[in-house]
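**Student:** The structure under discussion is supplied below as structure tokens; questions concerning it will follow.
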Amino acid sequence: MSRTRTALLAAMALVAGATGTAFAVDPGAAGVAAVPCTVDYKIQNQWSTGFTAAVTITNNSAAKSSWSLKWSYAGNQKVTSGWNAKLSQSGAAVTAANETYNAQLATGGSVSFGFQGSYSGSNAVPATFTLDGVTCNVDDGGPGGPTDPPDPGGPSNRVDNPYSGAKVYVNPEWSANAAAEPGGSRVANQPTGVWLDRIAAINGAGGKMGLRAHLDEALRQKGSGELVVQFVIYNLPGRDCSALASNGELKADEIGRYKTDYIDPIKAILADPKYASLRIVTTVEIDSLPNLVTNTGSRPTAVPQCDVMKANGNYVKGVGYTLNKLGDVPNVYNYVDAGHHGWIGWDDNFGPTAAIMKEAATAEGATVNDVHGFITNTANYSALKENNFTINDTVAGKSVRESKWVDWNRYLDELSYAQAFRNQLVSAGFNSNIGMLIDTSRNGWGGAARPTGPGATTSVDTYVDGGRYDRRFNAGNWCNQSGAGLGERPQASPATGIDAYVWMKPPGESDGSSKAIPNDEGKGFDRMCDPTYTGNPRNNNNMSGALPDAPVSGHWFSAQFRQLMQNAYPPLS
């Protein structure tokens, strides 16, 4: 019998004698009386002024529809934040009560929560715990117990760049789709993001893996080294107010459901100590906050639904809540979506977008410390670096900025935009060590159409159009773009201020259907995905440039994937 099990049985006997409580028999313990509840309190990580702890309650009595655990500290420990329980403290006394999603506690069932705390002097484990007023024993035989030092295997403080020195998770479902295409095995081992784009995706829907299944597979892939696993948090109420193809399941006013049915369960899973050794990167709510700047009010690009979302504040509240909750998990790295250069690069968008991101990052209890960085070009096609001309060039007496393609934007490509926007975000109040990610999954623009030099100097338009890698009709085009190619392969620390190039959008997964397709995912039909569409003010009334015969967003689009491989830059070997 192990020392832990021996100590536990001894503790059971002591508690039974001290309290006089009648205990149910534990059939697995050969007649040994079981205490009504057991509590495993483990200090996972400890430093000079603070610590994190994980607590697991096991209920050995009648099933509960709610629960409340209490303990008192002998020293001056203070709980500063927590997850998977409502924690409060009065003096030395602490109370941890259930959240709505983990209130049920069956006979023999367990529930776990965690918290971060501060202390000075000693940091002794509490001697006594009570569950709903009934005293529980404490398993003091495990790491972090009263006689053991803190578990060195627990989560450490966040590293500056989670991608540095780490492998990145390969989604086996995406990998299988890629490998099934002719030549797809060349990229099937690349890491891609996992999109949690509806509540059902958390537990798995339509035969797909859920969040826990991906995390369990990530642990398997991790081995003894470090591993990053990437998730896209994407289910705001009134989601994507300017793009019908990616509308979501939650109505504009359902901020309560977003919190309790979507974010809280995600946090509960991510905070499971089982996954503490993973570096979990989240891309937080793409396309939401920039919409509040560019597509509202009196602007020609305004959309009524975006005005609704600006007025009700639910984008700001939702992002703030997400950052606050997920930021409490020590091994989660939040990266907020920051649009792309062809959306935010103009003077009247650039500063205001950084400002609204600061507003969201300080809403609903969040702070800038909950933001590890930002991501640009998510699921978009903007070229990483235009090499054939610069923003300062002049042709035929006109600045490159006056060309129809650039249209007075200050940035030509994603790398220059991401680096400049990072500086703007720091000026807006974010931490100076924030890092940027750039989604390079579909911005390679290779193949026969890739220019090898600048265009003719006949006019500024011939110069720019003849030399630009990005072959879209307009930088506002975003849906299943014809002629696009795979971009730079995922890699860590590729440029100043850039934490990584990533494939957050899995190549080959559709941006939206090219015609209306009924579905149970809340996804509509947007004319920007229709190859016959002649445009709107958001793409300067250009053709959409979309591929035909596309499925609903997120579904596998074989023809697109094959074209992305054909036009990859750097080319595939």
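The values are calculated or read from the model by the stated rules, or taken from the named source; none is laboratory data. Fair warning: this is a prediction, and the values are worked out from it, not measured in the lab. Every residue, glycine as well, gets a Cβ built from its backbone with ideal geometry; the counts of neighbours run over all protein chains shown. For accessibility, only protein heavy atoms count, side chains too; no ligands or nucleic acids. Shrake-Rupley method; radii C 1.70, N 1.55, O 1.52, S 1.80 Å.
**Student:** Rolling a 1.4 angstrom probe over the protein chains, ignoring ligands and nucleic acids, what is the accessible area of Glu254 in square angstrom, nearest 10?
**Tutor:** Counting only protein heavy atoms, Glu254 exposes about 40 Å² to solvent.
**Student:** Given a Förster distance of 41 angstrom, what is the FRET efficiency for Ala355 paired with Thr458, based on the Cβ-Cβ distance and rounded to 0.05? Don't jump to the answer; show the numbers that get you there.
**Tutor:** Working: r = 41 Å, r/R0 = 1.00.
Approximately 0.50, to the nearest 0.05.
**Student:** So in the chain, what percent of DSSP beta bridges are antiparallel if you round to the nearest 5? Walk me through the numbers on the way to the answer.
**Tutor:** On the way: 48 of 78 bridges.
If we restrict to bridges inside the chain, about 60 percent are antiparallel.
**Student:** Further question: In terms of solvent-accessible area of protein heavy atoms at a 1.4 angstrom probe, what is the ranking of Thr362, Thr100, highest value first? Show your work: numbers first, answer last.
**Tutor:** Values: Thr362 75, Thr100 100 Å².
Correct descending sequence by accessible area is Thr100, Thr362.
**Student:** Using a 1.4 Å probe and ignoring any ligands, DNA or RNA, find the accessible area of Val303 and quote it in Å² to the nearest 10.
**Tutor:** 20
**Student:** Which whole-Hz ³J(HN,Hα) couplings does the range 38-45 yield from phi under the Karplus relation 6.51 cos²θ - 1.76 cosθ + 1.60, θ = phi - 60°, glycine and proline marked x?
**Tutor:** Ordered by residue, 3J(HN,Hα) equals 10, 10, 10, 10, 10, 7, 8, 8 Hz.
**Student:** Report the FRET efficiency, 1/(1 + (r/R0)^6), for Trp408 and Phe473, where r is their Cβ-Cβ distance and R0 is 25 Å, rounded to 0.05.
**Tutor:** Details: r = 18 Å, r/R0 = 0.71.
About 0.90, to the nearest 0.05.
**Student:** If you don't mind, another one. What is the dipole size for the range 252-302, taken about its Cα centre, with +1 at each Lys and Arg Cβ and -1 at each Asp and Glu Cβ, in debye to the nearest 20? Kindly include the intermediate steps, with their values, before the conclusion.
**Tutor:** Working: 6 positive and 7 negative charges, 41 e Å.
It comes to approximately 200 debye.
**Student:** Roll a 1.4 Å probe over the protein chains and send me the accessible area per residue for the range 501-541 in Å². Provide the component values of the computation, followed by the final result.
**Tutor:** On the way: 1630 Å² over 41 residues.
Here the per-residue accessible area is 40 Å².
**Student:** Still on this model: Is there a pair in Lys267/Lys317; Lys404/Lys505; Lys64/Lys267; Lys167/Lys222; Lys251/Lys310 whose C-alpha atoms are over 19 Å apart, and which pairs would that be? Walk me through the numbers before you get to the answer.
**Tutor:** Numbers: Lys267/Lys317 17 Å; Lys404/Lys505 28 Å; Lys64/Lys267 22 Å; Lys167/Lys222 7 Å; Lys251/Lys310 14 Å.
Table pairs above 19 Å Cα-Cα are Lys404/Lys505; Lys64/Lys267.
**Student:** Can you give the calculated 222 nm mean residue ellipticity of the chain, where each DSSP H run of n ≥ 4 adds -39,500 (n - 2.57) and the sum is split over every residue, rounded to the nearest 500 deg cm²/dmol? Before the final figure, lay out each step's value.
**Tutor:** On the way: 13 runs with 127 residues, N = 573.
Taken over the chain, the calculation gives -6500 deg cm²/dmol.
**Student:** Taking only the Cα atoms of the range 194-345, how large is their convex hull per residue, in Å³? Don't skip to the answer; put the middle values down first.
**Tutor:** Numbers: hull volume 17.4 nm³, N = 152.
Cα convex hull per residue, to the nearest whole number: 115 Å³.
**Student:** Something else about it: In whole Hz and in residue order, list the ³J(HN,Hα) couplings for the range 489-494 that follow from phi through the Karplus curve 6.51 cos²θ - 1.76 cosθ + 1.60, θ = phi - 60°; x for Gly and Pro.
**Tutor:** Using θ = phi - 60°, the values come out as 5, x, 7, 8, 6, x Hz.
**Student:** May I ask for log10 I(q)/I(0) of the range 32-106 at q = 0.18, 0.21 Å⁻¹, from a Debye sum over the Cα atoms as equal point scatterers with solvent left out?
**Tutor:** -0.82, -1.05
**Student:** If I model a spin label as a point 7 Å beyond the Cα along the Cα-Cβ vector, how far apart are those points for Asp132 and Asn423 in nm?
**Tutor:** Simple spin-label model gives 6.0 nm for this pair.
**Student:** When only the heavy atoms of the protein chains count and the probe is 1.4 Å, how do Thr532, Thr390 rank by accessible area, highest first?
**Tutor:** On the way: Thr532 95, Thr390 65 Å².
If we order Thr532, Thr390 from most to least accessible, we get Thr532, Thr390.
**Student:** Where in the range 221-253 does the amide nitrogen come within less than 15 Å of the point 7 Å from the Cα of Ile517, taken along Cα to Cβ?
**Tutor:** Flagged as within label range: 245-247.
**Student:** I need the calculated FRET efficiency for the pair Ser90 and Ser68, taking r as the beta carbon distance and R₀ as 22 Å, to the nearest 0.05. Write down the numbers at each step before the final one.
**Tutor:** On the way: r = 14 Å, r/R0 = 0.62.
Once rounded, the FRET efficiency stands at 0.95.
**Student:** Under the 0.36 nm per residue contour assumption, what length would be gained going from the current alpha-carbon distance of Asn392 and Ser573 to full extension? Each step should come with its number before you reach the end.
**Tutor:** Numbers: separation 181, 0.36 × 181 = 65.16 nm, distance 3.53 nm.
Once the chain is fully extended between Asn392 and Ser573, it gains 61.6 nm.
**Student:** For Val460, tell me the accessible area in Å² from a 1.4 Å probe, rounded to the nearest 10.
**Tutor:** Approximately 10 Å² for this residue.
**Student:** Which cross-chain or sequence-distant (5 or more) residues have an amide H under 5 Å from the amide H of Ile375, H modelled 1.01 Å from N in plane?
**Tutor:** Val336, Asp337, Ala338, Leu437
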